[in-house]
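Trainee: Submitted below is the structure of interest, expressed as structure tokens.
The values are calculated or read from the model by the stated rules, or taken from the named source; none is laboratory data. Note that the coordinates shown come from a computational prediction; the quantities given were computed from them, not determined experimentally. In this analysis, Cβ positions are derived from the backbone assuming ideal geometry, glycine residues included, and neighbour counts consider all displayed protein chains.
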Amino acid sequence: MLKRSVKEGRSLTRSFLVSVTQYLFSWMIDFYFAGVIVFYKLAVVEGMSMRALISYRFIFATARIIPLVFIFESQHKHSLIWWTASY
């Protein structure tokens, strides 16, 4: 009976940690986007063009995502190429 309660306690602790980490990641993402918005506002106030700001955003996002695509899609490379070429 003691072993059963220990296992139940571990599963309860595990579910608690999973729920806490989900909230922490959510808060981290919220703070990240809040920081991005503040820096966008500062850049626009200083005189940067919105076109240039959005262009930089897309360029850096593409540069960050491309290596991840090659890493995670390396096993499915031919299906990725055909899917992209179909457009």
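Trainee: Out of all the residues in the range 1-18, is one or more more than 20 Å from the chain's Cα centre (by Cα), at pLDDT below 70 and assigned to a loop (DSSP other than H, G, I, E, B)?
Mentor: yes
Trainee: Kindly evaluate PHE39 against the criterion of being at pLDDT 90 or above and either on the phi > 0 side of the Ramachandran plot or in a helix (DSSP H, G or I) (or both). Lay out the reasoning, then the answer.
Mentor: Numbers: at pLDDT 90 or above: yes; either on the phi > 0 side of the Ramachandran plot or in a helix (DSSP H, G or I) (or both): yes.
Here the answer is yes, as PHE39 does meet what is asked.
Trainee: A further question on this structure: Which residue pairs have Cβ atoms closer than 7 Å, lie 6 or more positions apart in sequence or on different chains, and pair a first residue in the range 53-69 that is modelled with pLDDT of 90 or more with a second residue that is not β-branched (Val, Ile, Thr)?
Mentor: From the range 53-69, the pairs are LEU53/TYR40; LEU53/ALA43.
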